[in-house]
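Here's the structure, in structure tokens; my notes come after.
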Amino acid sequence: MKVKIQTMLGDIIVRLYDETPIHRDNFIKLVKEGYYDGTLFHRVIKDFMIQGGDPDSKGAPAGKMLGVGGPDYTLEAEIKDGLLHKRGSLAAARQGDEVNPERRSSGSQFYIVWGQVYSEGQLRQFSKQLKMQKIQSTFNQLASEHRAEIMQMRRDRNRAGLQELQDKLAAEAEKLSSDFAGLTEEQMKIYSTIGGTPHLDGQYTVFGEVEEGLDVVEMIQATATGRGDRPVDDLEMRISVVE
């Protein structure tokens, strides 16, 4: 299914993925209800992305902070391998991991990726960083599973025991992360040619991509912004299903 996002700068045609049916069906439902009509692209960051879908942005006065509005539900994450944050991807906004460990999506807010085109050297370095982050994340998970044991050792001031356990968990984390190679060949190719935001892969649900109007996305991402990354000049949208 496809939708058309109409703006004063032009139209954007987006194809929704069948691989993410929860997000696809929810988006179509809201579009047919006119939920997005009159809302703004309320958060725009140059060389990164453009975000919309906050119902509180309808008729919002200048200077009002936006970005927390939405329906009274969130969506189950549909984070799929191969659905990447390439330039033009449509993805669901969400709250951070600290309050949303399941990475559930906002019921209405979305963003369209712009990002950057990276050199192979930059991507190789980024891949190494991802590998280290994977190991650290696995270590943190293992440590949380041993929290009671760690706390008892701290109370007993058992430094030798703590160090031994830390070394054991670090070795286990590295072993469990051994199959993770960082960026895949597909990611390396896409982000060195098309561009995008590779650090968001695996973190947010991607559920569509721009088929026409990428030049409009480019204009929007380059617009002047003020406090809260809100465009100085309001950018309203209307969204309809493409029959």
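Odds and ends about this structure:
- Residue 147 contributes about 150 Å² of solvent-accessible surface, heavy atoms of the protein only, 1.4 Å probe.
- Surface calculation, 1.4 Å probe, protein heavy atoms: residue 126 sits at approximately 40 Å² accessible.
- Fraction in percent of alpha-carbon pairs per bin - 10 Å, the stretch 1-83: 14, 44, 37, 5, 0
- Segment residue 32-residue 68, extension gain: residue separation times 0.36 nm, minus the distance between their alpha carbons: 10.7 nm
- Cα-projected label distance for residue 76 with residue 144, points at 7 Å along beta-carbon direction, nm: 2.0 nm
- In Å², nearest 10: area of residue 149 left accessible to a 1.4 Å probe: 80 Å²
- The modelled label-to-label distance for the pair residue 97/residue 45, using points 7 Å beyond Cα in the direction of Cβ, is 1.6 nm.
- Between the C-alpha center of the stretch 59-115 and that of the stretch 1-55 there is a gap of 11 Å.
- Counting protein heavy atoms only, the chain has 48 percent of its accessible area on carbon and sulfur, 1.4 angstrom probe.
- You can think of it this way: the chain between residue 136 and residue 6 has 42.5 nm of extra reach, that is 0.36 nm per residue less the Cα-Cα gap.
- Protein heavy-atom accessible surface, 1.4 Å probe, per residue over the chain: 55 Å².
- Each Lys and Arg adds +1 at its Cβ and each Asp and Glu adds -1 at its Cβ; summed about the Cα centre, the stretch 1-153 shows a dipole of about 520 debye.
- Which listed pairs, of 32/86; 80/168; 2/80; 4/32; 46/128, have C-alpha distances above 22 Å, in listed order: 32/86; 80/168; 46/128
- In summary, the convex hull built on the alpha carbon positions of the stretch 1-157 has an orientation-averaged projected area of 13.5 nm².
- Considering the stretch 90-237 at the alpha-carbon level, its Rg and Dmax are found to be 20.7, 64 Å.
- Extreme residue, positive dipole direction of the stretch 45-129, given options 90, 77, 125 (C-beta unit charges): 125
- Estimated from helices alone, the mean residue ellipticity of the chain at 222 nm is -11000 deg cm²/dmol (sum of -39500 (n - 2.57) over DSSP H runs with n ≥ 4, per residue).
- Net length gained if the chain between residue 189 and residue 167 were fully extended (0.36 nm per residue, minus Cα distance): 4.3 nm
- At an R0 of 25 angstrom, the distance between the Cβ atoms of residue 224 and residue 117 translates into a FRET efficiency of 0.60.
- With both labels modelled 7 Å from their Cα along Cα-to-Cβ, the residue 212 to residue 238 distance reads 1.7 nm.
- For residue 50, net neighbour charge (Lys/Arg +1, Asp/Glu -1) across residues whose Cβ lies under 12 Å away: +1
- Using alpha-carbon coordinates, inclination of helix 120-145 to the longest axis of the chain, degrees: 60 degrees
- Here the contact order of the chain, divided by its residue count and restricted to Cα pairs under 8 Å and six or more residues apart, works out to 39 percent.
- For residue 68, the shell of other residues with beta-carbons less than 10 Å away shows a net charge of -2, using +1 for Lys and Arg and -1 for Asp and Glu.
The values are calculated or read from the model by the stated rules, or taken from the named source; none is laboratory data. This structure is a prediction, so every number in the text was calculated from the model and none was measured. Note that each Cβ is placed from the backbone with ideal geometry, even for glycine, and that neighbours are counted across all protein chains shown. Please note that ligands, DNA and RNA were not included when accessible areas were found on the heavy atoms of the full protein model with its side chains. Shrake-Rupley method; radii C 1.70, N 1.55, O 1.52, S 1.80 Å.
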